[in-house]
1. Sort 54, 327, 14, 28 so the one with the fewest other Cβ atoms within 10 Å of its own Cβ comes first.
2. For the stretch 167-186 and the stretch 16-36, what is the separation of their Cα centres, given in Å?
3. Would you calculate the volume per residue, in Å³, of the smallest convex hull containing every Cα atom of the stretch 123-277?
4. Of the DSSP beta bridges with both residues in the stretch 1-113, give the percent that are antiparallel, rounding to the nearest 5.
5. Evaluated at 20 °C with a viscosity of 1.002 mPa s, what Stokes-Einstein diffusion coefficient in µm²/s does the stretch 83-189 have when Rh comes from the Kirkwood expression over alpha-carbon pairs?
6. Using the Kirkwood radius over C-alpha pairs as Rh, can you work out the diffusion coefficient of the stretch 241-346 via Stokes-Einstein at 37 °C, viscosity 0.692 mPa s, in µm² per second?
7. Taking each pair of different alpha-carbon atoms in the stretch 148-191 once, compute 1/r for the pair, average those values, and report the inverse of that mean as the Kirkwood hydrodynamic radius in Å to one decimal.
8. Pairs to check: 161/275; 203/312; 82/326; 49/156. Give those whose C-alpha atoms are more than 27 Å from each other in this structure.
Amino acid sequence: MERICIVGAGSWGTALGILLAKSGHSVTIWSIMNEEVEMLNQHREHIDKLPGITLPDNIMVTNNLEEGMSQTGIVVMAVPSKFVRNTAKLVKQYIQPGQIIVNVAKGLEEETLLTLAEVIEEEMPNNPVTVLSGPSHAEEVAKNIPTTCVVGARSKQVAEKIQDTFMSKTFRVYTSPDIRGIELGGALKNVIALAAGISDGLKFGDNTKAALMTRGIAEISRLGLAMGASIHTFGGLSGVGDLIVTCTSMHSRNRRAGILIGSGYTLEEAISEVKMVVEGVNTANAAYKLAQKYNIEMPIIEQVSKVLFENKNPKEAVEDLMLRDKTKEHKEYEMDFNKIINWEEE
Ligand SMILES: NC(=O)c1ccc[n+]([C@@H]2O[C@H](COP(=O)([O-])OP(=O)(O)OC[C@H]3O[C@@H](n4cnc5c(N)ncnc54)[C@H](O)[C@@H]3O)[C@@H](O)[C@H]2O)c1
């Protein structure tokens with residue numbers, strides 16, 4: 001049994017708390033928002049975000065971070081990406097040697113273009129920072145619907161400790177050393193989900209969505225490789241796995257925002273209608289800058305950025321994607337294809 005502090009009591013922090021408590025761990029959930037702490041303590045349910053799901057008795061909810069983190073072995077960072085840096089600064093005040101940090105937020109820091117584990121590592125360089133990611137909607141995890149994720153860590157021992165802690169009959173966890181790849185997959189799929197939503201809002205079909213998902217993962221992989229990640233990560237749970245769930249599910253706020261934009265809403269109207277953080281919007285901006293920094297072709301991400309930030313008509317954006325210069329499907333991996341037939345030798 002572990003003692004775990006979950007930092008952030010939104011949908012994901014609460015769902016993970018429920019999952020871990022049901023496995024017999026002792027869980028404290030901390031929130032910066034006093035009303036949220038009161039609501040969770042009074043109703044033992046997150047009425048706004050996970051209605052109808054009761055918190056097990058072995059979950060304590062507090063607004064006192066020092067108390068929440070004391071004597072815990074694992075600290076789970078479960079706040080939306082834009083709050084990660086400031087929350088890490090708070091956590092840093094009470095962190096103890098050996099406490100393992102698990103980042104579950106998905107995004108990039110807009111100003112620095114760092115991944116979120118990198119942001120946390122900058123703030124707390126002496127503690128092991130791991131990431132847990134994959135196709136995992138909170139609404140389903142909280143209801144014990146079978147789910148799989150991957151934990152990324154620098155040390156195998158630490159990865160296996162987090163795997164053992166989170167693993168349950170309904171939550172299967174794999175391990176990987178590719179922290180950066182896992183984070184890029186989890187963050188960038190939100191931009192592709194916006195594109196998939198826009199396509200749905202424009203009343204395009206399944207063909208279009210499959211194209212966006214497949215060419216989307218090609219873009220993500222290209223950037224990931226340039227940034228030192230493994231290509232295999234993008235064919236895994238935090239790559240294609242998370243992309244599929246985000247682009248096809250109505251639980252996805254990024255896809256929902258995209259549908260609204262494709263139906264004619266402005267970005268501001270779409271965000272206020274979804275009523276929750278639409279992380280893909282900030283990530284689109286950061287991803288576009290990363291593409292330029294690493295000189296990587298990312299046409300879908302470029303067009304999404306133009307629709308979001310330059311008011312480009314979504315229909316025109318799709319037309320521009322369709323009419324780009326013609327190319328080979330896997331031009332960056334030409335060497336592999338030359339092993340089948342080398343066209344240049346014909
Ligand atoms: N919801 C999911 O299904 C899911 C699944 C996997 C990963 N994630 C990732 O987990 C992260 C959290 O997502 P979520 O769905 O729980 O978001 P959410 O919008 O439900 O969570 C918001 C919570 O963050 C906390 N918060 C609000 N303002 C804050 C502030 N200024 N400082 C610190 N904390 C603050 C509060 O507890 C609030 O309830 C995101 O990065 C998301 O991408 C979510």
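Here, each number is a calculation from the coordinates, and none is a lab measurement. These numbers were taken from a predicted model, which means no experiment stands behind them. Don't worry about glycine lacking a Cβ; one is built from the backbone with ideal geometry, like all the others, and counts go over all protein chains shown.
1. 327, 54, 28, 14
2. 20 Å
3. Details: hull volume 20.0 nm³, N = 155.
Cα convex hull per residue, to the nearest whole number: 129 Å³.
4. 5 percent
5. 150 µm²/s
6. Rounded to a whole number, D works out at 205 µm²/s.
7. After inverting the mean inverse Cα-Cα distance, the result is 10.9 Å.
8. Numbers: 161/275 36 Å; 203/312 18 Å; 82/326 38 Å; 49/156 34 Å.
Check vs 27 Å cut-off fails for 161/275; 82/326; 49/156.
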